[in-house]
Amino acid sequence: MVKDSDLCNTPDWLMVHFSRAFDPCPPDPLFDGLNIDWKELNYVNPPYSDVTPWIEKALRERERGCRTIMLLKVDPSTRWYKLLIESDVHIAYFNERLKFVHQKNGEFNSSNNFCSMLVFI
């Protein structure tokens, strides 16, 4: 079951920087990016209800020579955050909360209660 919080797209102003990257996690519930080979450069905004499989996949793809940039919430209390730190990734934090675009109605979600980061794997 897809959670409503997973239906938020990357803001256009940020997405424009990743237009040349492959998106193995597009807003299409029928596309299964976890079971395909990724490209040389990838951009992933995973469903925030379960980011761990996407992080694990990005780390496996790194072993194949692929580079991945992930948009994630900042949550150092999670197992997946510790996995990232232990995997020697680079992290860039935003100094404000992002306003995501909701897939259903196209409106900005201004009520998120977390900060975001870009993770370079």
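The values are calculated or read from the model by the stated rules, or taken from the named source; none is laboratory data. The model shown is predicted, which means the values in this text are computed figures rather than measured ones. Cβ coordinates were reconstructed from backbone atoms using ideal geometry, including for glycine residues, and neighbour counts include every protein chain displayed.
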Notebook entry, point to check: Does the stretch 34-45 contain any residue that is within 16 Å of PHE120 (Cα to Cα), at pLDDT 90 or above, surrounded by fewer than 11 Cβ atoms within 10 Å (Cβ to Cβ) and among the charged types (D, E, K, R)?
Noted result: no
Notebook entry, point to check: Which strands (runs of 3 or more DSSP E) sit wholly inside the stretch 56-121 and have at least 1 residues that are modelled with pLDDT of 95 or more and among the charged types (D, E, K, R)?
Noted result: 67-73
Notebook entry, point to check: Looking at the stretch 52-81, which of its residues are in contact (Cβ under 8 Å) with a residue 40 or more places away in the chain, farther than 18 Å from ALA21 by Cα and of a type in the set (A, V, I, L, M, F, W, C)?
Noted result: VAL74
Check: Name the pairs: first residue in the stretch 1-26 and within 16 Å of MET117 (Cα to Cα) and modelled with pLDDT of 75 or more, second residue surrounded by 12 or more Cβ atoms within 10 Å (Cβ to Cβ) and charged (D, E, K, R), Cβ to Cβ under 8 Å, at least 6 apart or on different chains?
Finding: PRO11/LYS99
